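Asks: There's a structure below that I have some questions on.
The values are calculated or read from the model by the stated rules, or taken from the named source; none is laboratory data. Bear in mind the structure is a predicted one, so any value in this text is a computation, not a measurement. FYI the Cβ positions are ideal-geometry reconstructions off the backbone, even for glycines, and counts take in every protein chain you see.
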Amino acid sequence: MDANISNVKDFWDSSPCQSKLSQAKDRRRYFEEISRKRFQGREWHVPTVARFDAFCGKTVVEIGCGVGTDGIEFARNGANYIGVDLTPNSVELTRERFQVFGVPGRFEVANAEEGLPFPDASVDHVYSFGVIHHSPAPDKIIREIYRILKSGGTFTVMLYNRNSINYYIEIMFLRKIFRWCLLPKFIPGLLAGITGFDRWKLEGHREMLKKKISKEQWISMNTDGPFCPLASVYDHSEAAALFGDFDSVRQEVWEFNVDHWPFIRRVMPDSVVRWIGRRWGWHRMIYGKKL
């Protein structure tokens, strides 16, 4: 069965992106730990591509605010930040984060496929990191981005990269070969202990062995966990077509996730990991502007 927007909403509302990166009880420590793990871990490149300090005095709309990890950085650097998310839980967590740290912002629950709650040509910059590829109708969201941007307004969007090590080697090759190793009931726990992988994900993949799945479902369940209802991947031409109405569109790739390769993580220098990520990384960054 094809995933619809209700499936996507239910999945992310039950587990907002990044919300499990900390178990701290104190709310300030909770949010600080999430930021530290995001910006000092394998997604160290996010501040570079997001350019948090480039929009002081500008109106920035983030489509898919998660728990406000990126959004609060725009606001701290002087942007008039508005966080939008399909899921009420994410919006509430983002609002809480801003309140905890005393940072101003505006927050909206909205389905970007159906329309964003902003007038035409009213926004300076739109930011969306790892969100649009979960939409059943990404073209509708792109049209909304175009509509709300001012003339000369810019966007920064991350989509999963088809031409990546993560897609071709890990998702479409290695995981297909080794998925049946999960069949014995004790294997998920054993692998979790050896590799550090999330046990619940491994157990979820074991459960899915009993079901017939399509190629699209296989991709989705191997991006953001076995129960992720929808995730798409894009190569250069597919992403370019999606943003064809914009001007000065350029693309680059980042992020080779060595957390999935424990041996490589121990022996490969960070400089090499980053070099690989810039050529066959999982994050396809797209930048452009509206004429």
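Asks: Just the residues that are in contact with a His (Cβ under 9 Å, 6 or more places away or on another chain) and under 23 Å from residue 120 (Cα atoms), please, taken from the stretch 47-85.
Replies: Passing the criteria: 54, 55, 58, 59, 60, 61, 64, 74, 79.
Asks: Strands (runs of 3 or more DSSP E) wholly in the stretch 92-171 with at least 2 residues that are of a type in the set (Val, Ile, Thr) - which ones?
Replies: Working: elements: 106-109, 123-129, 149-160.
The qualifying strands (runs of 3 or more DSSP E) are 123-129, 149-160.
One line per residue, one yes/no per condition, for (1) of a type in the set (Ser, Thr, Tyr); (2) outside the structural domain of residue 150 (by TED's automatic domain parsing); (3) in contact (Cβ under 8 Å) with a residue 24 or more places away in the chain:
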{"residue": "191", "(1), (2), (3)": "no, yes, no"}
{"residue": "228", "(1), (2), (3)": "no, yes, yes"}
{"residue": "237", "(1), (2), (3)": "yes, no, no"}
{"residue": "258", "(1), (2), (3)": "no, no, yes"}
{"residue": "261", "(1), (2), (3)": "no, no, no"}
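Asks: Taking the stretch 231-287, which residues are farther than 21 Å from residue 142 by Cβ, part of a loop (DSSP other than H, G, I, E, B), out of contact with any Asp or Glu (no Cβ under 6 Å at 6 or more places or on another chain) and not polar (S, T, N, Q)?
Replies: Residues satisfying the conditions are 255, 256, 261, 268, 269.
Asks: What tally of residues in the stretch 233-291 results from selecting those that are within 21 Å of the chain's Cα centre (by Cα), closer than 20 Å to residue 170 by Cα and of a type in the set (D, E, K, R)?
Replies: Looking only at that region, the number is 7.
Asks: For residue 232, indicate whether it is on the phi < 0 side of the Ramachandran plot, of a type outside the set (Lys, Arg), modelled with pLDDT of 95 or more and surrounded by 17 or more Cβ atoms within 10 Å (Cβ to Cβ).
Replies: Working: on the phi < 0 side of the Ramachandran plot: yes; of a type outside the set (Lys, Arg): yes; modelled with pLDDT of 95 or more: yes; surrounded by 17 or more Cβ atoms within 10 Å (Cβ to Cβ): yes.
Yes: the conditions hold for residue 232.
Asks: If you take the residues in the stretch 202-225 that are surrounded by fewer than 17 Cβ atoms within 10 Å (Cβ to Cβ) and outside any helix (DSSP H, G or I), which one is farthest from the chain's Cα centre (by Cα)?
Replies: 210
So that you can scan it fast, the table gives a plain yes or no per residue for (1) of a type outside the set (A, V, I, L, M); (2) touching a residue at least 24 places away in the same chain (Cβ under 8 Å); (3) outside the structural domain of residue 279 (by TED's automatic domain parsing):
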residue: 112; (1), (2), (3): no, yes, no
residue: 125; (1), (2), (3): yes, yes, no
residue: 138; (1), (2), (3): yes, yes, no
residue: 147; (1), (2), (3): yes, yes, no
residue: 173; (1), (2), (3): yes, no, yes
residue: 180; (1), (2), (3): yes, yes, yes
residue: 187; (1), (2), (3): no, no, yes
residue: 202; (1), (2), (3): no, no, yes
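Asks: Say we look at the stretch 35-48 and pick out the residues that are charged (D, E, K, R) and in a loop (DSSP other than H, G, I, E, B); which of these is surrounded by the most Cβ atoms within 10 Å (Cβ to Cβ)? Explain how you work it out, then say what you get.
Replies: Here is the first cut: in the stretch 35-48, the ones charged (D, E, K, R) are 36-38, 42-43.
Still in the list and also in a loop (DSSP other than H, G, I, E, B): 42-43.
Values: 42: 17, 43: 20.
Checked the stretch 35-48; the qualifying residue surrounded by the most Cβ atoms within 10 Å (Cβ to Cβ) is 43.
Asks: So which residues in the stretch 220-238 are touching a helix residue (DSSP H, G or I) at 6+ places or on another chain (Cβ under 8 Å) and closer than 13 Å to residue 161 by Cα?
Replies: 223, 231, 232, 233, 234
Asks: Collect the residues in the stretch 252-291 that are surrounded by fewer than 18 Cβ atoms within 10 Å (Cβ to Cβ), under 30 Å from residue 120 (Cα atoms) and not aliphatic (A, V, I, L, M), keeping them in residue-number order.
Replies: 252, 287, 289
Asks: Still on this model: Given the criterion over 18 Å from residue 159 (Cα atoms), assigned to a loop (DSSP other than H, G, I, E, B), acidic (Asp, Glu) and out of contact with any strand residue (DSSP E or B) (no Cβ under 9 Å at 6 or more places or on another chain), identify the matching residue among 53, 10, 2. Spell out the reasoning first.
Replies: Numbers: 53 fails: assigned to a loop (DSSP other than H, G, I, E, B); 10 fails: assigned to a loop (DSSP other than H, G, I, E, B).
After ruling out the rest, the residue left standing is 2.
Asks: I've got another one for you. Which one is nearest to residue 70 (Cα to Cα), of the residues in the stretch 16-34 that are free of Cβ contacts under 8 Å to residues at least 40 places away in the same chain and either outside any helix (DSSP H, G or I) or touching a Phe, Trp or Tyr at 6+ places or on another chain (Cβ under 6 Å) (or both)? Reasoning before the result, please.
Replies: Residues of the stretch 16-34 that are free of Cβ contacts under 8 Å to residues at least 40 places away in the same chain, as a first pass: 20-26, 29-30, 32-34.
Still in the list and also either outside any helix (DSSP H, G or I) or touching a Phe, Trp or Tyr at 6+ places or on another chain (Cβ under 6 Å) (or both): 20-26.
On the way: 20: 16, 21: 14, 22: 16, 23: 19, 24: 19, 25: 21, 26: 20 Å.
Across the stretch 16-34, the extreme among qualifying residues is 21.
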